[in-house]
Number of protein chains: 2
Amino acid sequence: MPSTNASRKGQEKPREIVDAAEDYAKERYGISSMIQSQEKPDRVLVRVKDLTVQKADDVVWVRARVHTSRAKGKQCFLVLRQQQFNVQALVAVGDHASKQMVKFAANINKESIIDVEGVVRKVNQKIGSCTQQDVELHVQKIYVISLAEPRLPLQLDDAIRPEVEGEEDGRATVNQDTRLDNRVIDLRTSTSQAIFRLQSGICHLFRETLINKGFVEIQTPKIISAASEGGANVFTVSYFKNNAYLAQSPQLYKQMCICADFEKVFCIGPVFRAEDSNTHRHLTEFVGLDIEMAFNYHYHEVVEEIADTLVQIFKGLQERFQTEIQTVSKQFPCEPFKFLEPTLRLEYCEALAMLREAGVEMDDEEDLSTPNEKLLGRLVKEKYDTDFYVLDKYPLAVRPFYTMPDPRNPKQSNSYDMFMRGEEILSGAQRIHDPQLLTERALHHGIDLEKIKAYIDSFRFGAPPHAGGGIGLERVTMLFLGLHNVRQTSMFPRDPKRLTP
Amino acid sequence: MPSTNASRKGQEKPREIVDAAEDYAKERYGISSMIQSQEKPDRVLVRVKDLTVQKADDVVWVRARVHTSRAKGKQCFLVLRQQQFNVQALVAVGDHASKQMVKFAANINKESIIDVEGVVRKVNQKIGSCTQQDVELHVQKIYVISLAEPRLPLQLDDAIRPEVEGEEDGRATVNQDTRLDNRVIDLRTSTSQAIFRLQSGICHLFRETLINKGFVEIQTPKIISAASEGGANVFTVSYFKNNAYLAQSPQLYKQMCICADFEKVFCIGPVFRAEDSNTHRHLTEFVGLDIEMAFNYHYHEVVEEIADTLVQIFKGLQERFQTEIQTVSKQFPCEPFKFLEPTLRLEYCEALAMLREAGVEMDDEEDLSTPNEKLLGRLVKEKYDTDFYVLDKYPLAVRPFYTMPDPRNPKQSNSYDMFMRGEEILSGAQRIHDPQLLTERALHHGIDLEKIKAYIDSFRFGAPPHAGGGIGLERVTMLFLGLHNVRQTSMFPRDPKRLTP
């Protein structure tokens, strides 16, 4: 690799090596010229997580970030970090390193990316502060690949400190806006790495489960010509010389796919809500995991498939992502997520009875407020020992016009929400598949039939009974991990006040 | 099941059963009341594709669409369709069916969904017009579950007719706008079912391959605060009291994830281009399969990963979706897709030499026109026998400002496109990871630095060398299947003239 101990044009010089002529190690360190794909060296870079006693006495090359550095006489201790793993490295004056080289190493800015050649050495005393506790790296060569600026907008160690500890001892933590304004650095913490690896796992488990169940993945348009759900809370887009809108859900398109005989479909994609809500659980753009499915005779066929899909996700996460769950819980302690098999299904009237017994006053046809949802979650947890359940048979009055009424009770509907730790993560229903009933219900809701003509027409050429629902990815991630703000589980969150980065 | 031979309120009455008192089969047919999840019957519905000689003499229930019906004296022959499968059913006057019942069956509108009870009977002569050639269903009960309106806006048989045949014999085909205006029906054809099942497979294979390679799936925002690539061709969104934009690619966010140590990321999501292009291969909204990856020393590490991912997709499709490929080729005949392992990589200058040898006049720093891309595809196919290849080292002048220049030749760049059957499906490059060089290149392109400050700042705290690219899902589907318009491979296409359905 071409490298040089002269600093690169325009980058801040590390404090200087005096009298380079006397430096017997001068070829062994420096700032590499920018990697522009000049060469294809054979060099193998070993992963930090693979630095274990099995590699003791091997000479290895490692690329990692400088997490911390600490000079101490003729030695410099570095902690090298690679994703959630780190290892201690030692540069000490001797055969391989000169005092200038130790000084160079000690002056590399934190978060810089370096290439290091070193010997893996077993240590006698475990290194408690690193994930690789049994070895350290004795550095023979050290080159800066990408130099970080000297002042970081936030410190990674502050960013992973549990907040309760910060309150107690006055040590710094990092507030949410600073994190989000500097997301590229905040995402490097072990907590962020774990959150978003687990989130990737949720998507993977969702699709894996549904594909095994015979579902087809569909892609639905986000730019739509009419605000299908009445026009409230919808973003307007300039579309050439006209206006268009951003889809508030893929529901119409999922239903069209059911009318087009795909039978069982799912999609994962952005959902847009122009709602001026600044709460811990609302975003203006979030990721929807959507399901729609034709059924034979009863929408519970669909409820069971959706609930089982969520159970498969929970099981998969607990099996495959235990390390990530543990990592997050170090900063945000929380009880493991509990669920039953099969999933508990409560009817709305049963939930009302539980709430009333706990002193809540509610009408039969009233929707659940957020505090009542949370209280219900606690009551259900006490009684049934589950953090996940289905609430079925919502009052017809509180659901959208396309919701199928319950044939046994005209005030109820064939609709359901699903809850994790007392917060709603999915809303769904049997949809009306009959164009005439759909028209009647739309009129009842005062909806302009002209605006939903295309929607109603979709059902005119034979439509199977069907049901479905939409899951909020960020909420599932948040609630599974017991976090408290959906901005922690959206990489680049969007709310009425935040559009950057 | 509750059912009635009186027609349902408001739906068109099938021609009437006279003198119901004399009808000994009157409980055996009729129009079911709307399925509102009244009951959970034990009845098992058998899939049409499972109706084979193994089931001969079994009594089965089937739910399917009426594809065609043909009355003939005391008999009525129906073709029952379920997705891409169909079977012949016979209602004949006898013990189970009265003449009124045969008449009822004969009058059910095409595309209606029905439940049928029948005996599976082996036939002596294969039924050439059905996928289930060895059996037919002798109907004992028949109920309409969802009645289609009598006039269909297009006929499914017309919609799957190969176009060349239409030209020859004057039989009807269906033009593209009629198809798209009535997409719910057009998507029911065997061709459409196959196209979109295969497209679902492309997404699945893409993710399966990348997750096996250690990639993490990310979700990137679609509403952004600034038009990052200069402001041309971007849709504007009203965002509360301000303006925002729709992301033209997830590139900035993918790169931020690389700067945040995720190392290898991918995402699948909508990409928006406000381009007034009305060609066979442009959409204003399409699905991007995006990859970004840190590399060690040379961007070819990334090119190889991406090319191998596409090869795994091609292999997976040919292994798992042969039925779908054959189905599409019945309507749109085409040569099987050919590719090499490892993938052919040509340099731009080699391609120029091939084109010049074929008589094309081009400058060294000129971009490929669409006709020249296609010609090059033919020349490459002739010489190397592959429909897929990488074209590497594009002239720096024709690539975006963030493209890494080639250190060996300042007029070239570390960038590449990938082609299928002579059309571009991916554009990618090594990105500049050094904030100073990025600033220089932006200034050279006349870009307002203030607008891309956040982008450049992402690289100030240590950034690994990295490269990536974005694949157009609809183009891959179109070109793999040898189709000729990207609207055939987008369920609900968006172009400057089309925003519905």
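The values are calculated or read from the model by the stated rules, or taken from the named source; none is laboratory data. Bear in mind that the values here come from a model prediction, so they are computed numbers and not experimental data. Note: ideal-geometry Cβ built from the backbone for every residue, glycine included; neighbour counts use all protein chains shown. Note: areas computed on protein heavy atoms with side chains; ligands, DNA, RNA excluded. Shrake-Rupley method; radii C 1.70, N 1.55, O 1.52, S 1.80 Å.
Tell me, which longest segment in chain A has none of the GluC sites (Glu not before Pro) that fall in DSSP loops with at most 15 further Cβ atoms within 10 Å?
Values: sites that count: A:12, A:16, A:39, A:361, A:365, A:366.
Answer - A:40-360.
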Let me have the relative contact order for segment B:169-276, percent, based on Cα pairs under 8 Å that are six or more residues apart. 24
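Per-residue Cβ counts within 10 Å, from other chains only, averaged over B:200-208: what number is that?
4
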Note: A:237-243 gets an average of partner chain Cβ contacts (10 Å, Cβ to Cβ) equal to 5
Eigenvalues of the Cα gyration tensor times 5, then square-rooted: what semi-axes does that give for segment A:191-488, in whole angstrom, largest first? 30, 24, 19
What residues from segment A:86-111 fall in the zone where the backbone N is under 19 Å from a label point 7 Å along the Cα-to-C-beta line of residue A:71? A:89-111
Using a 1.4 angstrom probe, figure out how much accessible area segment A:333-395 has per residue, in square angstrom, rounded to the nearest whole. 53
Calculate the all-directions average of the projected area of the protein assembly as shown's alpha-carbon convex hull, and give it in nm². 46.8
Nearest 0.05, what FRET efficiency do residue A:45 and residue A:340 give at R0 = 56 Å with Cβ-Cβ as r? 0.75
What nm distance separates the two modelled labels at residue B:485 and residue A:279, each placed 7 Å from Cα along Cα→Cβ? 4.6
List, in order, the whole-Hz ³J(HN,Hα) value for each residue of segment A:47-60 obtained from phi through the Karplus relation with A = 6.51, B = -1.76, C = 1.60 and θ = phi - 60°; use x for Gly and Pro. 6, 4, 5, 8, 7, 10, 4, 4, 9, 3, 6, 6, 8, 10
Residues in segment B:129-163 occluded by at least 30 Å² - accessible area, probe radius 1.4 Å, against chain by itself: B:146, B:149
What's the carbon and sulfur percent of segment A:141-211's accessible surface, probe 1.4 angstrom, rounded to a whole number? 41
Mean Kyte-Doolittle hydropathy of 0.0 or higher plus an axial Cα length of 18 Å or more: which whole DSSP H helices in chain B meet both? B:190-212
Over what distance in Å are the Cα centres of segment A:158-220 and segment A:36-67 separated? 27
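Which value, in square angstrom to the nearest 100, describes the accessible area buried between chains A and B on both sides, using a 1.4 angstrom probe?
9600
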Between residue A:25 and residues 5 or more places away or on another chain, which pairs have amide H atoms under 5 Å apart, with H built 1.01 Å from N, and which residues are they? A:98
In what order, largest first, do A:49, A:99 sit by accessible area if the probe radius is 1.4 Å? A:99, A:49
Of the listed pairs B:264/B:315; B:241/B:497; A:110/B:264; A:241/B:374; B:241/B:453, those with alpha carbons more than 26 Å apart are B:241/B:497; A:241/B:374
Whole number please: convex hull volume per residue, Cα atoms of segment A:233-272, in Å³. 87
May I ask you to derive the relative contact order of chain B, considering only C-alpha pairs under 8 Å and at least 6 residues apart, and to give it as an integer percent? 12
